[in-house]
Amino acid sequence: MIKKALVTPFKTNYNAAPFRIIQNKDFLPTFKEAIKMAKKEINSIVNNPENPTFKNTIETLEFSGEQLDRISSIFFNLNSAETNEEIQKIAQEVSPLLSEFSNDITLNEDLFKRVKAVYDSQNNLELTTEQTTLLDKKYKSFSRNGANLPEDKKTKLREIDKKLSQLKLKFGENVLAETNKFEMLITDETDLAGLPEGAKEAAKQMAESKNKAGWLFTLDYPSFIPFVTYADNRDLRKKITLAAGSKSFKNDTLDNQKIVLQIVNLRHERANLLGYKTHAHFVLEERMAETPETVLKFSTDLLEKAKPAAKREFKQLENFAKKLDNIDHLEKWDGSYYSEKLKQKLFSLDDELLKPYFKLENVINGAFTVANKLFDLHFEEINDIDKYHEDVLTYKVTDSKGNYISLFYADFFPRPGKRNGAWMTSYKPQYIKDGENSRPHISIVCNFTKPTKTKPSLLTFNEVTTLFHEFGHALHGMLANTTYPSLSGTSVYWDFVELPSQILENWCYEKEALELFATHYETGEVIPMELVDKIKESATFHEGMQTLRQLSFGLLDMSWHGQDPSKIKDVKAFETETFKRTTLYPETKETCMSTSFSHIFQGGYSSGYYSYKWAEVLDADAFEYFKEKGIFNKTVANKFKKHVLSQGGTDNPMTLYKRFRGQEPKPEALLKRAGLIKT
Ligand SMILES: [Zn+2]
């Protein structure tokens, strides 16, 4: 049975998602009906007797499937934030239906013919920049999937895709099996020296759950990280570090060396088939960086600038370890341990010291005040729309003239059924249709410390920056002002999307901003500046070494994907050669990074690992502009809103950035902020 209310315009305030009337059993029939409706819309484009035009083909395609997008947003947002077994089961039924539908579109030859006809005649059409961008995006969604290839090559491409997805799956399964296989059981309590109580407790419980006596450590991060950071026993740190570093690198059934070579060669072949020089060229075509050459130059420049600081820090760490424990040569299993010790000695910054200044309500209001001072936004809590859980806060966002800008949902506390981490998402994109600007419904979801009977929710500093980060993404969504939904808000290139989020974190370190909200929850006292200075200093602790590490992963990624890999026979030798420029620790023959580098061989980060640093350069450079003119300077804020936040993906990100900043981003601001160059 289909509930008609779910496939017709919502009759709710602000057309907000009607959580109260949706029952789990409604999802599957609604999805099926919405797919049917979307297919009908696609068919009407294909069967249109008129010649293809931008309006009757590209624009109609863009606005098709609205009901499907709407139910998908609601369903998958719930599957992340408020799920249960029933929803998870529906997700497994729905996912193949959705990928089949999206394949039906990209493989629809008649549809592609019409899209191509418009694409080929674009010079004769008077299109706006946004329309040209949309046309290009639609065309590429076909061409990058082989729509232009002759039949035999199309078949070849499908074969490669099939093999690649199997290999990626196998790669992940092997890494997971290796992670699960390793256990380090400790039975002598003296071997736990140095570990915090929480880590010991967790290890004891882990042992108990497996009917073992003692303390059990595994390669899962919550178990592994505390061990290598705090355990005094160097031999055991070595044991677990080598185990983590040698995943799927033991020439056994779980080995990934052959799979790595197969994956990079297939990706290269696929890129060549589609007319690209390498896989990296293929990926970067749809990134702000555009080419592997840009990424390499960017990484090498940063590397050269970070290296002296990294070497200095390493030397300092070595001296510290020598003095403390008479260690002559720092090894990979010593890094985290002595770093933490040195950090404690230099800063003695305790989360418990900071938390009273960051009551959740104050921090939220702080974020709202910052948004008000910068972008004239007002947040009013409302209770006349449905919530999917009673913890969720709902707001109406307006501008200074009282115009309605967006709905804003904020969901802060952990509960069973919510996945880990923090994220921003939306229930409805912004777009302009038939002359009406349809405003977005934006949401952020976090897992912050819950209030207790006696204490309000007090955030760690890390949670504070997380809230500002997600709120930055939310502003990108709320302030969207574009015609087409697929170019709206955060629908931008991957290496551009973290600019609005990361830049907002900067306000958490500024006195002028902290004074607005970082007040003691009992005394009302504003956070002392010496604490803020300590936060800043400790945030850049060992930044040189961190930078080198990040760059080394990005460079390894580019080495695998930015050249013809057919001559590479030895994974470890290739990797060692690549790491030569970035490594500080002595080489260990037992370990190999590539065989468990899931980001690039299983997940979607291939040729994209550089994005982390790229985004940091962008946000530091952009914030530098604010610092020059004042962190609440209206002119700079307006430019950021006008050229970045409201523009979504309507134009090339470098063009947008230059319009805001007046020049291309430079790495100096990041290097300065990170303390890698003196000012
Ligand atoms: Zn983010």
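The values are calculated or read from the model by the stated rules, or taken from the named source; none is laboratory data. Predicted, not measured: the structure shown is a model, and the values here were computed from it. As a convention, Cβ positions derive from the backbone with ideal geometry for all residues, glycine included, and neighbour counts pool all protein chains shown. Please note that ligands, DNA and RNA were not included when accessible areas were found on the heavy atoms of the full protein model with its side chains. Shrake-Rupley method; radii C 1.70, N 1.55, O 1.52, S 1.80 Å.
If R0 is taken as 45 Å, the Cβ-Cβ distance between Asn47 and Asp399 corresponds to a FRET efficiency of 0.55. The local environment of Leu219, defined by Cβ-Cβ distances under 11 Å, has a net charge of -1 under the rule Lys, Arg +1 and Asp, Glu -1. When the convex hull of its Cα atoms is viewed from all sides, segment 52-130 shows a mean projected area of 6.7 nm². If you take all other residues with their beta carbon under 9 Å from the beta carbon of Tyr119, and give Lys and Arg +1 and Asp and Glu -1, the sum is 0.
Pairs from the list Lys168/Lys247; Lys323/Lys534; Lys39/Lys428; Lys433/Lys658; Lys359/Lys627; Lys355/Lys613 with a Cα-Cα gap above 18 Å: Lys323/Lys534; Lys39/Lys428; Lys433/Lys658; Lys359/Lys627; Lys355/Lys613. Entry note, segment 324-399: relative contact order of 19 percent, from Cα contacts under 8 Å with a spacing of 6+ residues. Once the 1.4 Å probe is applied to the protein heavy atoms, the chain comes out at 47 Å² accessible per residue. Reducing segment 505-529 and segment 652-679 to their Cα centroids gives an inter-centroid distance of 27 Å.
Each Lys or Arg adds one and each Asp or Glu takes one away; over the other residues whose Cβ falls under 14 Å from the Cβ of Pro29, this sums to +2. Classify segment 239-381: rounded, prolate or oblate, from the alpha-carbon gyration tensor (a ≥ b ≥ c, eigenvalue square roots; a/c under 1.5 rounded; otherwise prolate if a/b is larger than b/c)? It is oblate, given that a/c is not under 1.5 and a/b is not larger than b/c.
Let me know the shape class of segment 530-679, please: from the alpha-carbon gyration tensor, a ≥ b ≥ c as square roots of the eigenvalues, rounded when a/c is under 1.5, otherwise prolate if a/b is greater than b/c, or oblate. Note, shape of segment 530-679 comes out oblate.
Each residue, Lys658 and Tyr612, gets one label point 7 Å from its Cα in the Cβ direction; the gap between the two is 3.0 nm. With 28 Å as the limit on Cα-Cα distance, the pairs of Lys163/Lys569; Lys40/Lys163; Lys181/Lys311; Lys153/Lys258; Lys258/Lys418; Lys642/Lys666 that go past it are Lys40/Lys163; Lys181/Lys311; Lys258/Lys418. The distance from the alpha carbon centre of segment 150-205 to that of segment 408-462 is 30 Å, rounded to a whole number. Considering only Cα atoms, the convex hull volume of the chain works out to 184 Å³ per residue. Per-atom-type breakdown for segment 1-148 gives carbon and sulfur 50% of the accessible area (1.4 Å probe, protein chains only). Look at the alpha carbon pairs under 8 Å that are at least 6 residues apart: their mean separation over the length of the chain gives a relative contact order of 16 percent.
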